Protein chains: 2
Amino acid sequence: MDVQTLCLAVLAHGPASGYEIKKELEEGAYSHFFRASFGSIYPALARLAGAGLVSGREQEQAKRPDKKVYKLTAAGRRDLARRLQGPVGPDYVRSEFLLALFHADLLAPRRRRELIADRIAALKDCLARMDKDAATAPEQCRYEGIGPAFVCGYGHAILTAELDYLERNRARLEMTEASAA
Amino acid sequence: MDVQTLCLAVLAHGPASGYEIKKELEEGAYSHFFRASFGSIYPALARLAGAGLVSGREQEQAKRPDKKVYKLTAAGRRDLARRLQGPVGPDYVRSEFLLALFHADLLAPRRRRELIADRIAALKDCLARMDKDAATAPEQCRYEGIGPAFVCGYGHAILTAELDYLERNRARLEMTEASAA
DNA sequence: CATATCATGTAAGTGGTTACATGATTGT
DNA sequence: ACAATCATGTAACCACTTACATGATATG
């Protein structure tokens, strides 16, 4: 699953520029299950346009640089649907946090506490943003429909479980080596 | 966080060959938060050996190809500890499953059912294996100590939350377009 | 006065995967 | 017979990231 498919997917919810797609990926709902940088988004968009799957139109802006707003073509929407029919690969997860905690025995107690505290803060922050997003104007939301709602609920459930686990079990890990032995 | 660090991490729990490290990564506890292929493991091991962080010794085997068993040197263990002190980056997740469900409106009802059913089966399978592993001989386990136990519990909590969410909410998604509209 | 946001794009570099090469042994 | 497991390694390829190039406007 490459960045091209990802751009197609974001554009399925409405027109956007490369810059806006990036923002969507790092702040929006997609941030929980995908990522991409400018260096891959812009070339992907150019190739999609070349293949006729998206159409871009230059848009002038007052007091801001011009931007190229892309939108899905009919062919692009069909292509996305076709790509989503294909077999889904397994989730790919890479967590430096869990790698570090897996080796808690090599970590100083304060380092363990720091890791856990930071993660708890990040989880709370993320959950707060999700709750706020869900509360504000369900009509004017960029993502409507059953799919986004289902996936957001999925992400919310995972984050809640993580937070719950950490709060219940942090004491086990934060003991000093001496008391743990 | 590269494959070298990962190899160092696996070897911190005991000596292993490249082949065994790969198995550990796709079947063992690490599979939940990291991945790597032979094409990256063997060169990583060679470079670690060159840097004196691991030492390899050829081991002949009856009725099996020879293998090179690597183990951490004192310098390697120090180096791993140092690497784990560094700031941990954010988790990297890439889920084709969630990308597909995010666009449930482009999926046929039976496709949605198929995706959910497959995922539920995979989750149950994974949880069953974890429960079995946890039950059998805590003494002879490759991974002992608080770190692995904590991380396994973490993974278990996430998988359980996913399974729970899917079973509670699958009906929302599996309705036909007609009844959903 | 410096930093952040908005905005697009390219080039170099990297870190990885896939496929290939090789071959005995064990299970179906 | 055929596929899977055990076992190591290389080479070609690929997608993606980082850094660079450019520049206006807003914010602290």
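The values are calculated or read from the model by the stated rules, or taken from the named source; none is laboratory data. Keep in mind that this is a model prediction, so the values were computed, not measured. For neighbour counting, all protein chains shown are included, and Cβ atoms are generated from backbone atoms with ideal geometry for every residue, glycine included.
Just a few scattered comments:
- Flag for residue B:80 being crowded, with 16+ Cβ neighbours inside 10 Å and touching a Ser or Thr at 6+ places or on another chain (Cβ under 8 Å): yes
- Single unsatisfied condition, residue A:75 versus (1) more than 24 Å from residue A:154 (Cα to Cα); (2) surrounded by fewer than 17 Cβ atoms within 10 Å (Cβ to Cβ); (3) within 16 Å of DNA strand C (Cβ to nearest atom): (3)
Each row is one residue, and each column tells you yes or no for (1) near DNA strand D (Cβ under 8 Å from one of its atoms); (2) surrounded by 21 or more Cβ atoms within 10 Å (Cβ to Cβ); (3) part of a strand (DSSP E or B); (4) more than 14 Å from chain A (Cβ to nearest Cβ).
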| residue | (1), (2), (3), (4) |
| --- | --- |
| B:23 | yes, no, no, yes |
| B:26 | no, no, no, no |
| B:31 | no, no, no, no |
| B:34 | no, yes, no, no |
| B:39 | yes, no, no, yes |
| B:42 | yes, no, no, yes |
| B:45 | yes, yes, no, yes |
| B:48 | no, yes, no, yes |
| B:58 | no, no, yes, yes |
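- Flag for residue B:139 being at pLDDT below 95 and closer than 30 Å to residue B:14 by Cβ: yes
- Residue that is nearest to the other protein chains (Cβ to nearest Cβ), among those in segment A:111-139 that are touching a residue at least 12 places away in the same chain (Cβ under 8 Å) and closer than 15 Å to residue A:170 by Cα: A:115
- Considering (1) outside any loop (DSSP other than H, G, I, E, B); (2) in contact (Cβ under 8 Å) with a residue 12 or more places away in the chain, the lone condition that residue A:89 does not fulfil carries the number (1).
- Residue that is nearest to residue A:77 (Cα to Cα), among those in segment B:122-151 that are of a type in the set (Gly, Ala, Ser) and outside any helix (DSSP H, G or I): B:145
- Of the set (1) under 28 Å from residue B:99 (Cβ atoms); (2) without any contact (Cβ under 8 Å) to a residue 40 or more places away in the chain; (3) of a type in the set (Gly, Ala, Ser), all apply to residue A:108 but (1).
- When A:78, A:82, A:119, A:113 are checked against the criterion of being away from DNA strand D (no atom under 16 Å from the Cβ) and either in a strand (DSSP E or B) or under 21 Å from the mean Cα position of the chain (by Cα) (or both), A:119 stands alone in meeting it.
- Subset of segment B:34-58 [in contact (Cβ under 8 Å) with a residue 40 or more places away in the chain, within 13 Å of DNA strand C (Cβ to nearest atom) and of a type in the set (A, V, I, L, M, F, W, C)]: B:44, B:48
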